[in-house]
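The values are calculated or read from the model by the stated rules, or taken from the named source; none is laboratory data. Every value quoted in this text rests on a predicted model; they were computed, and no experiment measured them. Here the Cβ is made from the backbone with ideal geometry for all residues, glycine too, and neighbour counts use every protein chain on show. For accessibility, only protein heavy atoms count, side chains too; no ligands or nucleic acids. Shrake-Rupley method; radii C 1.70, N 1.55, O 1.52, S 1.80 Å.
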Amino acid sequence: MGTLLGLLATTWVSASPDTADPGHEQVVAFARLYGVVRYFYPGDAAQGIDWNRFAVAGITDARQAHGRAELRDKLNALFGPLGPGIDIVADEATFPALPAEAAQPPLVAWRYLGFPAKGTLYAGERTSRGGDRFVGIASELDAQPLQGKTIRLRGSIKALGQSTVSGLGLWLRADRKGKPPGFFKNTDGSQVHDLAWHDYVITAPVGTDVSILAFGFTMIPGDDAKEPTAAFRNLTLDVSDGHGGWKPVAIPALRLAPKPSREWSLVGSIATDNTSLSWQQTGADPGYLVLQQHGQAVDRTLFDAPPVAGKTAEFALGAGLKARVALTLTDMQARSSSDRAAALQALKARLAHMPDPAASIASSAAREADIVVAWNVFRHFYPYWDVIHVDWDSELPRALADAERADSRAAQKRALQHLLAPLEDAHGTVADTTEKKWGSLPITLEPVEHQWVIVATGVPDQAKVGDVIASIDGVAMPQAQEQAEALASGQTSSLAWKALQGLQWGPASESHTFGLKHADGSASTVSLAYSEQVPPATARPAAITELKPGIWYVDLARTDIALFTANLTQLAAARTVIYDVRGYPRDFKVSTTLPAHLLDHAEQAKWMHIPRYVGPFGELAGYTDVGWNIQPAAPHFSSHAIFLADGRTISQAEAIMGYVQDEKLGTIVGATTRGVDGNITSFEVPLGFRVIFTGMKVTHHDGVSRYHALGTIPDVTVQPTLAGVRAGHDEVLEAALKLAQ
């Protein structure tokens, strides 16, 4: 039986604050402090903490405390080693006086452009803590074949120009999924700054939990250097055979023909847009890669928001306690101090010897740690608290109670989904990263007349188009539908679509039992596994085709830029073009090119807004506002444009609909879109679940009007009917064709 709906008979009834486990009040106190310190306390020592294990340890300690005095002592023991400025006192007490130390720059504080996640446009940094001012090149590879082995990285470096660089280096880093790096090694201690070639080597063991190896070269410009330049060659990676020998490991070449490999990227704590890479080779010389910075080195910053000296956050923890956390520290305050060194080392040793949280589903502390981490990310980084009105503080004890009752990974996933649901974020998804092989059901379901109906099938002998779902895994409809939708995040009109999306995909080893009601009134039961690579598709015309003389059809879910470009002349000459946006666009280039052919003017609307976080609880220094900045393109499409939309129209597809609606580019037919747009971000909780959510705020093109959890409402509402599905009709497309006559 599948895990998604396997326990649907258990209705979600969370414990209220009055009936919750009394220990949760103390866990709540820890949780409220945890998020502020993890994401906004700028001390150096806090950056080397395994925060997922720290969450488990903190929950364990909080539960064991007897009374607020002991809870305060345990919290101080946990957070105190991280540095000065984390004060925990009784509600009625006064915080100790802040030190009178002069707040001389540089000041250290966190700045976030959205919630940072690898591979996204979002980032975080500490001011005055970019490390050494450097620029360099980086690459990476999958570390799994090297786990448990010793590796050796070698390379040759030289400066090209006397006194232009203060440091040159080779570096190697081991990344662990969802955890701090396993190690970071470089050759800082052995650098030579003359103009000769020098060989460098780094040798390191690769842990069994290392997922990625990152490596490369760095160059640190001199303080007054102009045009700092360095050369790199002979980069090799070897793995020990265990008997004193070494075997080469394939890594990206430093160049492909005369250019660097695209598998290499420029990195740096100073701006890289004025940095160039070139390949130099003369005669029989094997050649080398040249890294050069043009002009004065400029420190890279996410946005302009200077730290405020002495800034703190004061907030209630509950359980009779309150906290004050420094949000800005001086350079000396931020440095790890010798008087805390022993306590910090003991804390790190404790965390290192804890069981891996990802393997501890039986541990209630690990399950509650998932909630603590997720609750805090949303508390401090969710971009829609101004329009989604939820008492988020009251959600925490209820979510902790859900996790406490969870007795399997499937139940824990539902606890996280239940936490996410009130955010009304249709991007919001919880994925179990331990499930490696996924598949689709051999049927496709859609909400039709408030029922779940099969609209496409790959197993017609078992389940037919037009069959209505009567039960799932023994739970009768509509109860099964209601319980699945209770775990879905999004606006009300999109919940059925979101729940069906979750049901469509699952672990390949699982299946669901469906009770079916057929068109002739008979019933049957069928067991269907997640056996397909893609869901069966509903019947539609060809991706781009002429439906009737002068009336063309374009399905954006199946059209790439080559096909679109090949049909430009026909589309420009058409009387009417019906654009089907009931699905995710296949090609981003089409998404931006289509509006260019429909617009008769340049547009520079700023409808995507990336939050600039400068403090906890969503404190902002404004937004970085962006748009697509589309210029009109020839040929201009003067035809009547009709757009088909429904609950499958989400994210990038809704960006297109935003242009259609706000720029008045055509008539929209169908149903309200999903109500979410903008780039996603994500994080991983201790038990290995990945949580995805919307990382930016998207508005209408006026830059102000709300779009989130409202979506695009059609000009002509058309809802498919059960009779139409059973007759093989696409009633939305048919309605568009009538408008096109």
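Of all residue pairs spaced 6 or more apart or on separate chains, those with beta-carbon atoms under 6 Å, a first member in the range 332-345 that is modelled with pLDDT of 85 or more and a second member that is not in a helix (DSSP H, G or I) and not acidic (D, E) are Q333/P84; A334/P42; A334/G43; A334/V108. Pull up the range 556-576, narrow it to residues that are hydrophobic (A, V, I, L, M, F, W, C) and open to solvent by less than 50 Å² (accessible area, probe 1.4 Å), then point me to the one that is nearest to Q501 (Cα to Cα). Out of the qualifying residues, it is A557.
Yes/no per residue for (1) at pLDDT below 90; (2) surrounded by fewer than 18 Cβ atoms within 10 Å (Cβ to Cβ); (3) touching a helix residue (DSSP H, G or I) at 6+ places or on another chain (Cβ under 9 Å); (4) more than 23 Å from S265 (Cα to Cα):
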{"residue": "A102", "(1), (2), (3), (4)": "yes, yes, no, yes"}
{"residue": "F115", "(1), (2), (3), (4)": "no, no, yes, no"}
{"residue": "K118", "(1), (2), (3), (4)": "yes, yes, no, no"}
{"residue": "F134", "(1), (2), (3), (4)": "yes, no, no, no"}
{"residue": "I137", "(1), (2), (3), (4)": "yes, no, no, no"}
{"residue": "Q147", "(1), (2), (3), (4)": "no, yes, no, yes"}
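Quick one: what pairs do we get from the range 520-541, first residue modelled with pLDDT of 95 or more, second open to solvent by 70 Å² or more (accessible area, probe 1.4 Å) and of a type in the set (F, W, Y), C-beta under 8 Å, 6+ apart or different chains? Taking only residues 6 or more apart or on different chains, the pairs are Y530/W438; Y530/W505. Counting only strands (runs of 3 or more DSSP E) that sit completely within the range 291-370, those holding 3 or more residues that are open to solvent by 20 Å² or more (accessible area, probe 1.4 Å) correspond to 312-318.
Hey, does the range 733-740 have a residue that's assigned to a loop (DSSP other than H, G, I, E, B) and of a type outside the set (V, I, T)? No, that holds for no residue. If you go through the range 233-254 and keep only what is charged (D, E, K, R) and closer than 21 Å to I157 by Cβ, you end up with R233, D238. Just one of the listed residues (Y613, Y553, Y579) is part of a strand (DSSP E or B), open to solvent by less than 40 Å² (accessible area, probe 1.4 Å) and in contact with a Pro (Cβ under 9 Å, 6 or more places away or on another chain), and it is Y553. Just one of the numbered conditions (1) modelled with pLDDT of 95 or more; (2) open to solvent by 10 Å² or more (accessible area, probe 1.4 Å) is not true of D18: (1).
Every condition in (1) under 27 Å from P228 (Cβ atoms); (2) modelled with pLDDT of 85 or more is met by G207 except one, and the failing one is (1).
This table checks each residue for (1) modelled with pLDDT of 85 or more; (2) more than 30 Å from V56 (Cα to Cα).
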position	(1), (2)
E125	yes, no
S128	no, yes
E140	yes, yes
A159	no, yes
G167	no, yes
D175	no, no
F183	no, no
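The condition (being touching an Asp or Glu at 6+ places or on another chain (Cβ under 9 Å) and closer than 30 Å to V390 by Cβ) is satisfied by just one residue among A431, A519, A499: A499.
When the residues of the range 667-690 are filtered to those that are assigned to a strand (DSSP E or B) and of a type in the set (A, V, I, L, M), the one that is nearest to F378 (Cα to Cα) is I680. If you go through the range 691-732 and keep only what is open to solvent by less than 40 Å² (accessible area, probe 1.4 Å), part of a loop (DSSP other than H, G, I, E, B) and of a type in the set (D, E, K, R), you end up with just D730.
In this entry, A326 passes the filter for residues that are at pLDDT 90 or above and either under 27 Å from the mean Cα position of the chain (by Cα) or under 17 Å from V614 (Cα atoms) (or both).
Looking across the range 185-203 at every residue that is under 28 Å from K348 (Cα atoms) and either open to solvent by 70 Å² or more (accessible area, probe 1.4 Å) or polar (S, T, N, Q) (or both), the one that is modelled with the lowest pLDDT is identified as G189. For the range 29-52, filtered to residues that are in a helix (DSSP H, G or I) and among the β-branched types (V, I, T), the residue that is farthest from A313 (Cα to Cα) is V37. The set of residues in the range 621-637 that are within 12 Å of L599 (Cα to Cα) and open to solvent by 40 Å² or more (accessible area, probe 1.4 Å) comprises N629, Q631, P632, A634, P635, H636.
Residues in the range 558-576 that are of a type in the set (S, T, N, Q) and either assigned to a helix (DSSP H, G or I) or within 27 Å of A671 (Cα to Cα) (or both): T559, T565, T569, Q570, T576. Looking at the range 53-75, is at least one residue part of a strand (DSSP E or B) and more than 28 Å from P306 (Cα to Cα)? No, that holds for no residue.
Out of the helices (runs of 4 or more DSSP H) lying entirely within the range 401-511, which hold 1 or more residues that are touching a residue at least 60 places away in the same chain (Cβ under 8 Å), surrounded by fewer than 21 Cβ atoms within 10 Å (Cβ to Cβ) and over 22 Å from the mean Cα position of the chain (by Cα)? Of the helices (runs of 4 or more DSSP H) lying wholly inside the range 401-511, those with at least 1 residues that are touching a residue at least 60 places away in the same chain (Cβ under 8 Å), surrounded by fewer than 21 Cβ atoms within 10 Å (Cβ to Cβ) and over 22 Å from the mean Cα position of the chain (by Cα) span 409-420, 479-485.
Checked against (1) in a strand (DSSP E or B); (2) closer than 30 Å to D304 by Cβ, E603 passes all but condition (1). For the range 651-690, the candidate set comprises residues that are out of contact with any strand residue (DSSP E or B) (no Cβ under 7 Å at 6 or more places or on another chain) and of a type in the set (D, E); within that set, the residue that is least open to solvent (accessible area, probe 1.4 Å) is E654.
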